[in-house]
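The values are calculated or read from the model by the stated rules, or taken from the named source; none is laboratory data. Just so you know, these numbers come straight off a predicted model, no measurement behind them. As a convention, Cβ positions derive from the backbone with ideal geometry for all residues, glycine included, and neighbour counts pool all protein chains shown. Side chains are part of the model used for accessible areas, which takes the heavy atoms of the whole protein and leaves out ligands, DNA and RNA. Shrake-Rupley method; radii C 1.70, N 1.55, O 1.52, S 1.80 Å.
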Amino acid sequence: MKHKLSLLVFLFTSLIGSAQESAPIGIDDQIDQAFAPVSTFFSNVVFFTIFDIPFVLILLVFSALFFTVYFGFPNFRYFWRAIQTVRGKYEDIENHGAKVLYGEDGIANGVDLNKVDIEEHIEALDDDLAVDGDIVDTIRDESSAGEVSHFQALATAVSGTVGNGNIAGVALAIALGGPGATFWMIICGLLGMSSKFVECTLGVQYRDVGEDGTVYGGPMFYLTKGLKEKGFATLGKIAAVVFAIFCIGGSFGGGNAAQSNQATIVIKELFNLESTGAGFWIGVVIAILVGVIIIGGIKRIAQVTEKVVPFMAVMYLVACIYIIGLNFSLIDDAIALIVEEAFNPTAFGVGSVIGVLLQGFKRAAFSNEAGAGSASIAHSAVRTKYSASEGLVALLEPFIDTVVICTMTALVIIIFNFGGFFEYGGDGSGAVIIDGLSYEGAGITSKAFAEYIPFSNIFLTIAVVLFAVSTMISWSYYGIQAWKFLFGRGKVADMVYKLLFLTFIVIGAAANMRSIWDFSDAMIFAMIFPNMVGLFFLFPVVKKQLNRYLDAIKLKREALK
C-alpha cells in the first residue's frame with residue numbers, strides 16, 4: 001500500500017513540477033498548461049463514439065429506460081411514498097415492531113421484529129439460515145445500523161449533486177445546444193430517478209459496518225459482494241477497483257475542481273480581479289475552508305449539509321421564481337421555444353437533434369449523477385433496516401436537482417436572452433459574447449440575474465460559493481470511501497487523500513473552464529461503466545427488497561385499521 005501511495009504522490013508532484021518549469025507566465029496559466037493534456041487524454045478515452053454518439057450516453061439512457069419500465073415507473077408511482085419516507089412517516093416499521101418473546105429453544109428474547117421479519121425467520125428455522133441473508137442477531141443490529149437519518153442522507157447526497165452543474169452546467173448546455181437542451185435535460189432527470197433508485201437500494205443492501213459503527217457502502221461493495229453471490233467474484237472485484245479509481249477521479253474533478261473553478265469565476269468577476277495568480281489564491285482560501293469541514297467525516301458533513309443545502313436551494317429558487325414571475329408573460333414563449341428547439345435546433349454549431357440531445361443529457365447526467373453510483377455512497381450511511389426505503393428517498397434527487405433547479409436556471413437564461421443578448425452556440429466551446437465581452441458558465445447566469453435583480457452579482461457569488469462548498473464536502477466523502485476501499489482504512493491513507501483533494505481545489509480555481517470540465521465530465525461518466533455491471537446483475541435483488549419494504553408498510557396499515 002505504501003508503494004501505491006508513494007506512486008500517486010510522485011505523479012501528482014510531477015504534474016505541479018511541470019507547471020513550475022514552464023515559461024515565465026502567471027501561476028494560473030502554468031497550472032492550466034500542465035493540466036490540459038491530462039484532461040484531453042481522459043476525455044478522448046471515455047467519450048469514444050458509436051455512430052457519432054458517445055457510447056457512455058447510449059448506455060446511460062438505455063439503462064435508465066430499462067429500469068423505469070421494469071420497476072413500473074417508480075419515478076412517478078412511488079414519488080409521494082418517497083416524500084413520506086423522508087418525513088419519517090414509516091420510521092416505526094424500521095426501528096420498532098411487534099414484540100416477540102421466545103423461550104429457551106427460540107431465537108432470542110425480547111427482540112423487536114416486524115411481522116415481515118418474523119415470518120421470514122420462522123421459515124428459516126429449519127436450516128438455521130434467514131431469508132435475504134439475515135440471521136436474528138443481525139436483524140437486531142440492522143435496525144440501528146447507519147450513521148445518519150433519511151433526511152440527512154438525502155441532504156448529503158443532494159449537496160453532492162446540487163452544485164454548479166445547476167448554475168454553470170445549465171448555462172453551458174444552453175450556450176452550446178440552445179434552449180432545446182433544456183428539454184432533454186428534463187427527460188434525463190426523470191429517467192435518472194429510476195437509476196438512482198436502483199443503485200442506492202443496492203448501496204444500503206450490501207454495505208459494510210465497521211466495529212466502531214462507521215458505515216462503508218457504495219458500488220465498490222455491491223459489486224464485490226453482489227456479484228460474488230451471483231458467482232462472478234472476479235468480475236466483481238475488477239469492476240469494484242475500476243469504479244473506485246474513477247470515483248476518486250470524479251471527486252477530484254466534477255465534485256471538486258469544477259466547483260472551485262466556477263466559484264473562482266464569479267469571485268474574480270465580483271471583485272474585478274485580473275491578476276494571473278488570483279485563481280490560485282482564491283483556491284487556497286476555499287481549500288482551507290473545505291479542509292476544516294471534511295476532517296469531521298460523514299457526521300460533520302451531514303450536520304453541515306442538512307442546514308446549508310435547504311437554505312441555499314431555497315435562496316436560489318426564490319431568486320429564479322422572482323425573475324420568472326417578473327416575466328410571467330414570457331413563460332409560455334420560453335416553454336414553446338424549449339420544445340421547438342429540442343426537435344428542430346437552430347443554435348449555431350449544434351447541427352442536429354442528436355447534437356442538442358447530447359448537450360442536454362450530458363449536462364443533466366453530470367449534474368444529477370444518476371447511473372454513476374456516487375450518491376449510493378452517501379445513502380449507504382442511513383439508519384434503516386429496509387434498503388429499498390433509501391432507494392425511494394434517493395429517487396427524489398434527480399427530480400430536485402434537474403427537473404426543478406436546472407429547469408429554473410434554464411428559464412431565467414432563456415427569458416433573459418429574449419432580449420437578444422447573445423447568440424446560441426457561442427464560440428463552440430461554451431463561451432458567448434454579451435456586450436462585447438466573453439462569458440461562460442456561471443458568468444452567463446450572473447448576467448441574466450443582473451438584468452433583473454440589483455446587486456445580484458453579490459447574491460449569485462454567495463450562491464455559487466455555497467453550491468461549490470457543499471458539493472465539495474460531499475464529494476470528499478465519496479472519494480475517501482473509494483480511497484479506503486483501495487488503500488485501507490488507516491489514518492495515513494486518509495490524510496494523503498484529503499491533501500490531494502484540497503490541492504485539486506487549487507488546480508480547479510487556477511485552470512480554465514474547458515480543461516476542468518472536460519476532465520470532470522470524463523471522470524463522472526467513466527464511473528458509469530463499472531457501475532452498470534452491478535446494476536444489471538443485481539436489479540432482481542432490488543425488486544425483492546422493494547416488495548419487502550412495501551409489504552411492511554402494508555402490514556402497518558392493516559394493523560392500524
Exercise for review: Please arrange Arg77, Arg207, Arg514, Arg363 by accessible surface area, largest first, computed with a 1.4 Å probe and ligands excluded.
Suggested key: Arg77, Arg514, Arg207, Arg363
Check your understanding: Which value, in Å² and to the nearest 10, is the accessible area of Glu229 when all protein chains are kept and the probe is 1.4 Å?
Key -> 120 Å²
Practice item. Keeping all protein chains in place, calculate the accessible area per residue for segment 27-100 (probe 1.4 angstrom), answer in Å². Key: 54 Å²
Exercise for review: Figure the gain on full extension for Arg557 and Val38 (residue separation times 0.36 nm, minus the Cα-Cα span) and round it to one decimal in nm.
Suggested key: 181.2 nm
Check your understanding: In sequence order, what are the phi-derived ³J(HN,Hα) couplings for segment 471-485 according to the Karplus relation 6.51 cos²θ - 1.76 cosθ + 1.60 with θ = phi - 60°, rounded to whole Hz, with x for glycine and proline?
Key -> 5, 5, 5, 5, 5, 5, 5, 4, x, 6, 5, 5, 4, 4, 4
Check your understanding: Per the 1.4 Å probe, what fraction of the accessible area of segment 315-395, in percent, lies on carbon and sulfur atoms?
Key -> 66 percent
Practice item. Taking the Cβ of Ala181 as the centre, find all other residues whose Cβ is under 14 Å away and add up their charges (Lys, Arg: +1; Asp, Glu: -1). Key: 0
Review point. R0 = 41 Å: FRET efficiency of Ile354 with Ile433, Cβ-based, nearest 0.05?
Key: 0.95
Point to revise | Area accessible to solvent at Asp551, 1.4 Å probe radius, in Å² | key: 80 Å²
Exercise for review: Using only the alpha-carbon atoms of segment 413-561, report the extent along each of the three principal axes, biggest first, to the nearest angstrom.
Suggested key: 64, 52, 30
**Study point:** Accessible area per residue in Å² at 1.4 Å probe, computed on segment 312-387
**Key:** 36 Å²
Point to revise | Sequence of Val393, Val404 when ordered by accessible area, the most exposed leading, probe 1.4 angstrom | key: Val404, Val393
Check your understanding: Which ³J(HN,Hα) values in Hz, rounded to whole numbers, follow from the phi angles of segment 260-271 under the Karplus curve 6.51 cos²θ - 1.76 cosθ + 1.60, where θ = phi - 60° and Gly and Pro get x?
Key -> 5, 4, 6, 4, 5, 4, 6, 5, 5, 5, 5, 9
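How big is the Kirkwood radius of segment 352-449, worked out from every pair of different alpha carbons and given in Å to one decimal? Before the final figure, lay out each step's value.
Working: mean 1/r = 0.0630 Å⁻¹.
It is 15.9 Å.
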Check your understanding: Which entries in Lys196/Lys556; Lys362/Lys498; Lys89/Lys230; Lys230/Lys556; Lys484/Lys543; Lys228/Lys544 show an alpha-carbon gap greater than 23 Å?
Key -> Lys196/Lys556; Lys362/Lys498; Lys89/Lys230; Lys230/Lys556; Lys484/Lys543
Review point. To the nearest 10 square angstrom, what accessible area does Val209 show with a 1.4 Å probe?
Key: 80 Å²
Practice item. Leaving ligands, DNA and RNA out of it, rank Trp483, Trp184, Trp281 by accessible area with a 1.4 Å probe, largest first. Key: Trp281, Trp184, Trp483
Review point. Computed over the Cα atoms, what is the radius of gyration of segment 218-257 divided by 2.2 N^0.38 Å, N being its residue count?
Key: 1.31
Point to revise | Estimated vicinal HN-Hα couplings, Hz - segment 517-529 in sequence order (Karplus 6.51, -1.76, 1.60; Gly, Pro = x) | key: 6, 4, 5, 5, 4, 4, 5, 5, 6, 5, 5, 5, 4
